[in-house]
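Below is one structure, written out as structure tokens; comments come after it.
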Amino acid sequence: MADRIAEEKIEQIRQAVDIVEVISDYVGLKKQGRNYFGLCPFHGESTPSFSVSPDKQIFHCFGCGAGGNVFSFLMELEGISFQEAAMKLAARGNINLEINLSSTHSEKKISDELQAMLDAHELLRKFYHHLLVNTKEGQHALEYLLGRGFTLESIEKFQIGYSLNSWDFVYKFLTKRDFSPEWMEKAGLIIKREKDGTYFDRFRDRIMFPIFNRNGNTIAFSGRTLGADEPKYLNSPETAIFNKSKILYNYNLAKPSIKKSQQAVLFEGFADVISADRAGIENGIATMGTSLTDDHIALLRTSAQTITICYDSDKAGIEAAFRAGNHLNDAGFQIKVALMPDGMDPDEYIKKNSPEKFRGEVIGASLTWMAFKILYFRRGKNLQNEGDRLAYIEQIVKEITKLTKAVEKDHYLRQIAAEFSLSLDSLKQQEQQIYFAEKKKEIGKNEPKSKPILVQKKVNELKPAYYRAERCLIAHMLKSRDNTYKVQELLQGDTFNEDEHQAIITYLLAFYEEHINPDSSAFLSYIHDENLRRIVANIEMMSINDELSHQELTDYIKQVLKHKKLLKIKEKEAELKEAERHSDFRLAAAIGNEINQLRKSL
């Protein structure tokens, strides 16, 4: 079998796989005209600027500039090689690549140490689970879980296990299988004694909850004590394969449900996720003891548009929900907040009531983000006190000004007017005052500290005429092999002014020597430079005429050559000054004549 993927197979993958379907697994896309748009997975944004062209089988973000084809999308998003991306897409298209898998394995970026960490975690996950459900040693732990409302289905689904009450069983278990103790210590599975350098197990006599990454690999554990021992939960330390700020518990299992509904339910901890799953909430996820991070946001952005926050109802839980909601709101998500009854977590509520009530009266009765903020800012205020009441109303009106939909603004202003017996007109007037005051502050922040006396026009916003001409020419060249050769003929050996543009043309000429027909996706794979791929994807998204007329072509060429002449004039003017400085009047006259001829040719 061949070690490299044949070009025919790459072409077969392109034909079999649709870029819109692939990217839809990571980004929520909506069709607008001929293209699809969504929130870019490569940078934080609240307004969709990420575009996918089904006709050209390419993507481009007008915000951060990311662009390419289906191969480069997977490579950039998942940090994998071209060969790995091709293998994934081939599997999706049911294409047999006929390559040596062992050779592709050697190309993976993961080191032997990291692979050993993953393998050890996977081995222990299976062993812990076996101990819990199949052995006498784990019987008491299994009975403990069943007594707390866990089902065998949940235990199996979440691969819950049990660690033996032994100081060195895991150490011996792993070393017998040739796992390096030094590596296993780095993986957080065993601990080294300072006094004599020997090792002991981190987890002993605990219910073991495995932590999975987005691909379903076991990367850490959380061990819960069966009694009153402290700590109640003992978690793996952060390691080379486990970073809490990047992991959402249960995301690997919840992703299909989240993707289907475009909604996720965010809980405080993994125990809540498991309890909610027993109640039929299959799109539940949780952070691993940390606040919501940008990495979490980026992960959620690939599959959800609406996030329901379901945290505990104590002070810490409400504050955490407020912080998470603000972060999600800034990222452009639609937010809901499910309020738990006082002092209860999801597990307690479900046991006391029922799964149906949890789904209907807690998750189903979630508040909008604005409704939650109305309750949040009410806390600790005595609304019978005039000062507190006025401060509260002003705060809520300020929050209402942040709403983008007029209907929402009107709804909440009417709600406040009715509650406090206020004039709706006066509230609307105050909302407008606050809105314009905030806008003025924003403008003030962007103004320079020392204002010039004269009002200056903004500069460098529009690219020079030659720049756009070169891009338009490339756009037409990407659509037509004939246009490419026409441009080359009219340039008469001259090159484009922008180095990147000229590099793209060089690639394109070589591409057309091997390919008869234009193919945007294939050409992007042909280019090895990531920056050039982004530029090409950007140019491909330009709006141009279907046909390139002779007049349009010559006008573009004229702009390209005109810039070269202008640069030549500047160069000659410098030479003229130098000749005059040396009193070489004959040379100065000759240069002056050259300058006049160049100006006439413009």
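Quick look at the numbers
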| read-out | value |
| --- | --- |
| Test: residue in the range 358-375 that is open to solvent by 30 Å² or more (accessible area, probe 1.4 Å), more than 26 Å from ARG278 (Cα to Cα) and of a type outside the set (Lys, Arg) | yes |
| Residue match in the range 50-59 (condition: modelled with pLDDT of 85 or more, open to solvent by 50 Å² or more (accessible area, probe 1.4 Å) and more than 16 Å from ASN531 (Cα to Cα)) | yes |
| Subset of the range 500-518 (residues that are of a type in the set (Gly, Ala, Ser) and over 32 Å from the mean Cα position of the chain (by Cα)) | ALA510 |
| Residue in the range 302-341 that is farthest from the chain's Cα centre (by Cα), counting only those that are open to solvent by less than 10 Å² (accessible area, probe 1.4 Å), at pLDDT 90 or above and under 24 Å from GLU78 (Cα atoms) | ILE307 |
| Cβ pairs under 6 Å, 6+ apart, first in the range 248-261 and surrounded by fewer than 19 Cβ atoms within 10 Å (Cβ to Cβ), second at pLDDT 95 or above | ASN252/PHE212; SER257/GLU282; SER257/ASN283 |
| Subset of the range 267-291 (residues that are under 27 Å from PHE42 (Cβ atoms), out of contact with any Gly (no Cβ under 7 Å at 6 or more places or on another chain) and open to solvent by less than 20 Å² (accessible area, probe 1.4 Å)) | GLY284, ILE285, THR287 |
| Single condition ASN165 does not satisfy, out of (1) closer than 19 Å to LEU299 by Cβ; (2) among the polar types (S, T, N, Q); (3) open to solvent by 80 Å² or more (accessible area, probe 1.4 Å) | (1) |
| Matching option when the condition is open to solvent by 20 Å² or more (accessible area, probe 1.4 Å) and either part of a helix (DSSP H, G or I) or basic (Lys, Arg) (or both), among VAL170, VAL133 | VAL133 |
| Check on GLY188, in contact with an Asp or Glu (Cβ under 9 Å, 6 or more places away or on another chain) and in a loop (DSSP other than H, G, I, E, B) | yes |
| Residues of the range 147-166 satisfying the condition of being modelled with pLDDT under 95 and among the hydrophobic types (A, V, I, L, M, F, W, C) | PHE150 |
| Hey, ASN538 part of a helix (DSSP H, G or I), in contact with a strand residue (DSSP E or B) (Cβ under 8 Å, 6 or more places away or on another chain) and either open to solvent by less than 70 Å² (accessible area, probe 1.4 Å) or farther than 24 Å from GLY65 by Cβ (or both) or not | yes |
| From ILE241, ILE190, residue being farther than 30 Å from ALA264 by Cα and of a type in the set (Val, Ile, Thr) | ILE190 |
| Those residues of the range 8-49 which are closer than 21 Å to ALA86 by Cβ, without any contact (Cβ under 8 Å) to a residue 60 or more places away in the chain and of a type in the set (Ser, Thr, Tyr), in sequence order | SER24 |
| Boolean, LYS381 is assigned to a loop (DSSP other than H, G, I, E, B), of a type outside the set (A, V, I, L, M, F, W, C) and more than 26 Å from LEU253 (Cα to Cα) | yes |
| Members of the range 278-301 found to be more than 19 Å from the chain's Cα centre (by Cα) and assigned to a helix (DSSP H, G or I), listed by number | ARG278 |
| Odd one out for VAL487 among (1) modelled with pLDDT of 90 or more; (2) more than 12 Å from LEU553 (Cα to Cα); (3) in a helix (DSSP H, G or I) | (2) |
| Residue check for TYR128: under 30 Å from ASP272 (Cβ atoms), modelled with pLDDT of 95 or more, of a type in the set (Ser, Thr, Tyr) and touching a Ser or Thr at 6+ places or on another chain (Cβ under 7 Å) | yes |
| Residue list for the range 545-582, restricted to those being of a type in the set (S, T, N, Q), open to solvent by less than 70 Å² (accessible area, probe 1.4 Å) and without any contact (Cβ under 8 Å) to a residue 60 or more places away in the chain | SER549 |
| Failed criterion for ARG4 (all others in (1) more than 19 Å from MET541 (Cα to Cα); (2) at pLDDT below 90; (3) open to solvent by less than 60 Å² (accessible area, probe 1.4 Å) hold) | (3) |
| Members of the range 78-90 found to be over 12 Å from VAL22 (Cα atoms) and either open to solvent by 50 Å² or more (accessible area, probe 1.4 Å) or within 17 Å of the chain's Cα centre (by Cα) (or both), listed by number | GLU78, GLY79, ILE80, PHE82, MET87 |
| Residue within the range 230-249 that is over 21 Å from the mean Cα position of the chain (by Cα), under 21 Å from ASP345 (Cα atoms) and aromatic (Phe, Trp, Tyr) present | yes |
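The values are calculated or read from the model by the stated rules, or taken from the named source; none is laboratory data. Note that the structure is a prediction, hence the values are computed from the model and not measured. No Cβ is skipped: glycine too gets one built from the backbone with ideal geometry, and neighbour counts run over all protein chains shown. The accessibility values were calculated without ligands, DNA or RNA, using every heavy atom of the protein model including side chains. Shrake-Rupley method; radii C 1.70, N 1.55, O 1.52, S 1.80 Å.
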